[in-house]
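Novice: Sharing a structure here in structure tokens format.
The values are calculated or read from the model by the stated rules, or taken from the named source; none is laboratory data. None of these values were measured; they are calculated from a predicted model. Virtual Cβ from ideal backbone geometry, glycine too; neighbours counted across all protein chains shown.
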Amino acid sequence: MPDQPTADDLGVVEHDEVARLILTVLLDRHPALVALEELVRYFDYEQPANRIAAMFVREGVDELRRMGLAHQLDGFAFATYSAVRASELGG
């Protein structure tokens, strides 16, 4: 139906996109540790359609850890050497 909203209209972010956005923040702040709560606040946009829920931010960090692109230490996350080096090589 033409009147039904689509995912693009609602600002739905794909799962891989959340991980990419988080990795971008971790790389930008490298070598600093980034608090998970800070990441949650960072993606808590004023416009509801663009917000990324805290649960998805935490899942994104977990996914990056599983892929070897981020480390987590207590309530903090940071980019791995592999992620930083790949970013440097990619330009």
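Novice: Output yes when any residue across region 67-84 is charged (D, E, K, R), in a helix (DSSP H, G or I) and over 13 Å from the mean Cα position of the chain (by Cα), and no when none is.
Specialist: Narrowing region 67-84 to residues charged (D, E, K, R): 74.
Okay, now just the ones that are also in a helix (DSSP H, G or I), so none.
Scanning region 67-84 turns up no residue that is charged (D, E, K, R), in a helix (DSSP H, G or I) and over 13 Å from the mean Cα position of the chain (by Cα).
Novice: Could you check region 30-57 and list, in sequence order, the residues that are within 20 Å of MET67 (Cα to Cα) and free of Cβ contacts under 8 Å to residues at least 12 places away in the same chain?
Specialist: Matches in region 30-57: MET55 only.
Novice: Restricted to region 18-36, and to residues that are within 8 Å of the chain's Cα centre (by Cα) and among the β-branched types (Val, Ile, Thr), which residue is surrounded by the fewest Cβ atoms within 10 Å (Cβ to Cβ)?
Specialist: First pass over region 18-36, keeping only residues within 8 Å of the chain's Cα centre (by Cα): 18-25.
Retained after the next criterion (residues that are among the β-branched types (Val, Ile, Thr)): 18, 22, 24-25.
Working: VAL18: 20, ILE22: 28, THR24: 12, VAL25: 17.
Going through the qualifying residues, I end up with THR24.
Novice: Let me ask something else about it. Helices (runs of 4 or more DSSP H) wholly in region 1-50 with at least 2 residues that are at pLDDT 95 or above - which ones?
Specialist: Details: elements: 7-10, 15-29, 36-42.
Qualifying helices (runs of 4 or more DSSP H): 15-29, 36-42.
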